[in-house]
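The next block holds one structure in the form of structure tokens; read it before the comments.
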Amino acid sequence: MPVKIFLNEDEIPRQWYNLAADLPTPPQPPLGPDGNPVSPDMLAPVFPMNLIEQEVSQERWIDIPEEVLELLYKYRPSPLHRAFGLEKALGTPAKIYFKNESVSPAGSHKPNTAIPQAWYNKQFGIEKLTTETGAGQWGSALSFAGALVGLDIEVFMVRISFDQKPFRKVMMETWGGKCVPSPSPKTQAGRDILAKMPDTPGSLGIAISEAVEAAVTDPSGKTRYSLGSVLNHVMLHQTIIGLETKKQLEKIGEKRVDVVIGCAGGGSNFAGLAFPFVSDKINGADIDIIPVEPKSCPTMTRAPFAYDHGDTAKMTPLLPMHSLGHNFIPPPIHAGGLRYHGMSPLVSQAIVEGLLAPRAVHQLDSYESAVLFARTEGIIVAPETSHAVAAAIDEAKKAKEEGRKKVIVFSLSGHGLMDLLGYQKYFAGELTNYSLPEDELKKSEEIFADLPKPSTAKTGKW
Ligand SMILES: Cc1ncc(COP(=O)(O)O)c(C=O)c1O
């Protein structure tokens, strides 16, 4: 049995998979401030039309342009590993596989969409992209992609991560990107927040407001905004993860998968691995598909499915998603990329359908799992990824109790070599567990009172 399963470049999937085509209940549209669906034209100041077309597409398969594939070959196809060491340490009969997205130059799955987004913008005549970043992974990935296709990149980085992870800024600068701590005095949204909360740790919601404002107020008209997660076209680009995984499992004769796991901040690495398996589930396969989040930011496990803004300053349309409220500022846990108030509408709709079984884990459990993983498999995972590792370990223990040879596949979304401060604090006993109190949850729910409500009807049988 191989430890690593590779694909040749000529075996890379040549189309992305679009779950919107197969969801039993079609995805609900984004809404404008008047409560009416947003038309593609209304999104044009923010995104290029070729990406807007993907955002609203109902086509099941979308071709990956040859030039994009050539750029992806810099690190793809990524290896699928069998975690023999972890299995042995757990004494489980389960087979644990992980798809290793840490092999990209930026250290995570994020370039899988950064590269196509930069390429489509370039094709459309755009010269500069603005964006936000939580942990710094996305800002690094877009800076890398900007260098490949020749675009200027400006990144608003959540203040707490900017302070905790100074070398991410250096990575962005090495690829030619510019990195600004958020909230910043550069935008109206940033100035408003700083006036009210000068010491705020920042949030992804605030950084998104700044990045959107910086794009739409550029008088040249040659700047657009780029989002690293949440949106349909981002989920689409990431499905290359799951499509490769299926080919790799097929290569070694692994016929069925019992459990699929990914951590979820905005949902993209999870969706990337899971959506091709969700398609199997819709078609009758018996698979547990588990997105994992932190207990401190329990978007999928405790927050309602609501129409909400993607950002704090309400610059984005209302999206139908699980949300803790657009002005929610999550506690500063170390998994910066999981500190987002919302969730991908496609992931949210799949939860409403009962196709997914979301789970929340505590910070200390995720670090404990990451340390076991590092000592058995070698890779020091990102704090975000450690949530997926924790769930994979739980599932492997469950398989042991049940005496079942389950096949478990999880997404190793990134390495943690830029996140060692979190590990240092964990070893020093300085990290704590934190569950969001019920009254905080109620407070954020009040925000939805005056907003339109999405339908929670489900047509599937799950
Ligand atoms: C390594 C890693 N994993 C996961 C995430 C969460 O994002 P998403 O849910 O879009 O995959 C991030 C976000 O920054 C990340 O850096």
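The values are calculated or read from the model by the stated rules, or taken from the named source; none is laboratory data. Keep in mind it's a predicted model, so treat the numbers as computed, not measured. A quick note on method: Cβ atoms are made from the backbone with ideal geometry, for glycine too, and the neighbour counts reach across all protein chains shown. Just so you know, the surface numbers come from the protein's heavy atoms only, side chains and all, with ligands and any DNA or RNA stripped out. Shrake-Rupley method; radii C 1.70, N 1.55, O 1.52, S 1.80 Å.
W138: within 17 Å of the chain's Cα centre (by Cα) and of a type outside the set (D, E, K, R), yes or no? Judged against the criteria, W138 is a match.
Test S435 against the criterion of being modelled with pLDDT of 95 or more and in contact with a Lys or Arg (Cβ under 6 Å, 6 or more places away or on another chain), and give yes or no.
Here the answer is no, as S435 does not meet what is asked.
Does P27 satisfy the criteria of being more than 30 Å from A399 (Cα to Cα) and not hydrophobic (A, V, I, L, M, F, W, C)? It is true that P27 is more than 30 Å from A399 (Cα to Cα) and not hydrophobic (A, V, I, L, M, F, W, C).
Going by the structure shown, is V234 open to solvent by less than 10 Å² (accessible area, probe 1.4 Å), within 30 Å of R82 (Cβ to Cβ) and more than 16 Å from the ligand (Cβ to nearest atom)? Please lay out each step first, then the result.
Details: open to solvent by less than 10 Å² (accessible area, probe 1.4 Å): yes; within 30 Å of R82 (Cβ to Cβ): yes; more than 16 Å from the ligand (Cβ to nearest atom): no.
For V234, the condition - open to solvent by less than 10 Å² (accessible area, probe 1.4 Å), within 30 Å of R82 (Cβ to Cβ) and more than 16 Å from the ligand (Cβ to nearest atom) - is not met.
No other residue among S435, S444, S413 is within 30 Å of D163 (Cα to Cα), open to solvent by less than 60 Å² (accessible area, probe 1.4 Å) and in contact with an Asp or Glu (Cβ under 8 Å, 6 or more places away or on another chain) apart from S413. When G146 is tested against the conditions (1) touching an Asp or Glu at 6+ places or on another chain (Cβ under 7 Å); (2) assigned to a helix (DSSP H, G or I); (3) closer than 19 Å to E384 by Cβ, the lone failure is (3). If you go through the stretch 249-265 one residue at a time, do you hit one that is open to solvent by 20 Å² or more (accessible area, probe 1.4 Å), within 19 Å of V155 (Cα to Cα) and within 16 Å of the ligand (Cβ to nearest atom)? So far as the stretch 249-265 goes, no, none of its residues is open to solvent by 20 Å² or more (accessible area, probe 1.4 Å), within 19 Å of V155 (Cα to Cα) and within 16 Å of the ligand (Cβ to nearest atom). Scanning the stretch 308-316 for any residue that is within 18 Å of L436 (Cα to Cα) and among the charged types (D, E, K, R) turns up nothing. From the list P93, P79, the lone residue that is in contact with a Gly (Cβ under 7 Å, 6 or more places away or on another chain), surrounded by fewer than 22 Cβ atoms within 10 Å (Cβ to Cβ) and over 30 Å from K222 (Cβ atoms) is P93.
Go over the candidates T92, T131, T113 one by one and state the one that is within 30 Å of E401 (Cβ to Cβ) and either more than 16 Å from the ligand (Cβ to nearest atom) or modelled with pLDDT of 95 or more (or both).
T92
Scoring F277 on the criteria (1) surrounded by fewer than 24 Cβ atoms within 10 Å (Cβ to Cβ); (2) not in a helix (DSSP H, G or I) leaves a single failure, condition (2). For the stretch 255-274, a residue qualifies if it is assigned to a loop (DSSP other than H, G, I, E, B), closer than 17 Å to S386 by Cα and hydrophobic (A, V, I, L, M, F, W, C), and exactly one does: A264.
When we screen L204, L194 for residues that are among the aliphatic types (A, V, I, L, M) and modelled with pLDDT under 95, the only hit is L204.
Residues in the stretch 291-320 that are outside any loop (DSSP other than H, G, I, E, B), of a type in the set (A, V, I, L, M) and either without any contact (Cβ under 8 Å) to a residue 60 or more places away in the chain or out of contact with any Gly (no Cβ under 8 Å at 6 or more places or on another chain) (or both): how many?
2
Taking the condition of being polar (S, T, N, Q) and within 14 Å of the ligand (Cβ to nearest atom), how many residues in the stretch 269-304 meet it? Summing the residues that are polar (S, T, N, Q) and within 14 Å of the ligand (Cβ to nearest atom) in the stretch 269-304 gives 2.
Every residue, every condition in (1) in contact (Cβ under 8 Å) with a residue 60 or more places away in the chain; (2) of a type in the set (G, A, S); (3) in contact with a Phe, Trp or Tyr (Cβ under 7 Å, 6 or more places away or on another chain), yes or no:
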position: I12; (1), (2), (3): yes, no, no
position: T25; (1), (2), (3): yes, no, no
position: P45; (1), (2), (3): yes, no, no
position: L51; (1), (2), (3): yes, no, yes
position: V56; (1), (2), (3): yes, no, no
position: E59; (1), (2), (3): no, no, no
position: I64; (1), (2), (3): yes, no, yes
position: K95; (1), (2), (3): yes, no, no
position: H109; (1), (2), (3): yes, no, no
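Taking the stretch 376-415 as the range and being away from the ligand (no atom under 16 Å from the Cβ), of a type in the set (A, V, I, L, M, F, W, C) and outside any strand (DSSP E or B) as the test, the residues that pass are I393, A396, A399.
Counting only residues that are open to solvent by 20 Å² or more (accessible area, probe 1.4 Å), among the small types (G, A, S) and closer than 22 Å to G136 by Cα, the stretch 326-370 holds 1 of them. The residue that is surrounded by the fewest Cβ atoms within 10 Å (Cβ to Cβ), counting only those in the stretch 156-204 that are of a type in the set (A, V, I, L, M) and within 22 Å of Q137 (Cα to Cα), is V170.
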